[in-house]
Amino acid sequence: MNPSEDASKVMRAMMNVLGGRRAGDVVERVEDHLIVVEASGVQPLFALRDQARYRRVMAALRRLLMENRAGNRTHVYINRQAAYVGRISFIEDEDESPLGPIVLRLESEDLDSLINWLVPEKESLRR
């Protein structure tokens, strides 16, 4: 988040990515011009999964999650401006978003299962 940005607008974009859901253990805090939202469980990821299906970008999301994987963590970049208006648009590189992306980081002891739940391989191959 840029120092001149309205934190409530950035939070709105992030909550749009999470479907506005604050289910489960959700913690929000600001650290060094970053808004950090931490959640446990998959409940906050339902909106992401639904939009990826609806927009037919399952294969792209799966590819990015796999490419960005490091141990039990992975991440994807989401265009912040698109997220603000309720659309999820994945970007390859954080420099593609003029305001900087939303970085969605996922961590799990069983990352394969989490990725397969979010973007099942068979569905991501359908066109």
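Exactly one of these conditions fails for residue 35: (1) closer than 17 Å to residue 94 by Cα; (2) at pLDDT 85 or above; (3) out of contact with any Ser or Thr (no Cβ under 8 Å at 6 or more places or on another chain); (4) not in a helix (DSSP H, G or I). Give me its number.
(2)
From the list 118, 104, 114, pick out the single residue that is under 13 Å from residue 14 (Cβ atoms), buried (at least 17 other Cβ atoms within 10 Å of the Cβ), modelled with pLDDT of 85 or more and of a type outside the set (S, T, N, Q).
Unique residue meeting the criteria: 104.
Among the numbered criteria (1) β-branched (Val, Ile, Thr); (2) at pLDDT 90 or above; (3) under 22 Å from residue 6 (Cα atoms), which one does residue 76 miss?
Checking residue 76 against (1) β-branched (Val, Ile, Thr); (2) at pLDDT 90 or above; (3) under 22 Å from residue 6 (Cα atoms), the one that fails is (3).
Given the conditions (1) closer than 17 Å to residue 77 by Cβ; (2) more than 12 Å from the chain's Cα centre (by Cα); (3) modelled with pLDDT under 75; (4) not polar (S, T, N, Q), and given that residue 10 satisfies all but one, which numbered condition is not satisfied?
For residue 10, the exception is condition (3).
Which one is nearest to residue 117 (Cα to Cα), of the residues in the range 82-100 that are surrounded by 15 or more Cβ atoms within 10 Å (Cβ to Cβ) and free of Cβ contacts under 8 Å to residues at least 24 places away in the same chain?
Step by step, filter the range 82-100, then rank; the result is 89.
Just wondering, is there one or more residues in the range 48-67 that are in contact with a helix residue (DSSP H, G or I) (Cβ under 7 Å, 6 or more places away or on another chain), assigned to a loop (DSSP other than H, G, I, E, B), in contact (Cβ under 8 Å) with a residue 24 or more places away in the chain and under 20 Å from residue 11 (Cα atoms)?
Among the residues of the range 48-67, not one is in contact with a helix residue (DSSP H, G or I) (Cβ under 7 Å, 6 or more places away or on another chain), assigned to a loop (DSSP other than H, G, I, E, B), in contact (Cβ under 8 Å) with a residue 24 or more places away in the chain and under 20 Å from residue 11 (Cα atoms), which makes the answer no.
Do the conditions hold for residue 67, that is, is it over 11 Å from the mean Cα position of the chain (by Cα), farther than 22 Å from residue 120 by Cβ and not polar (S, T, N, Q)?
no
The values are calculated or read from the model by the stated rules, or taken from the named source; none is laboratory data. Small disclaimer: the values here were computed from a predicted structure and weren't measured. Here Cβ is always computed from backbone atoms with ideal geometry, including for glycine, and neighbour counts include all displayed protein chains.
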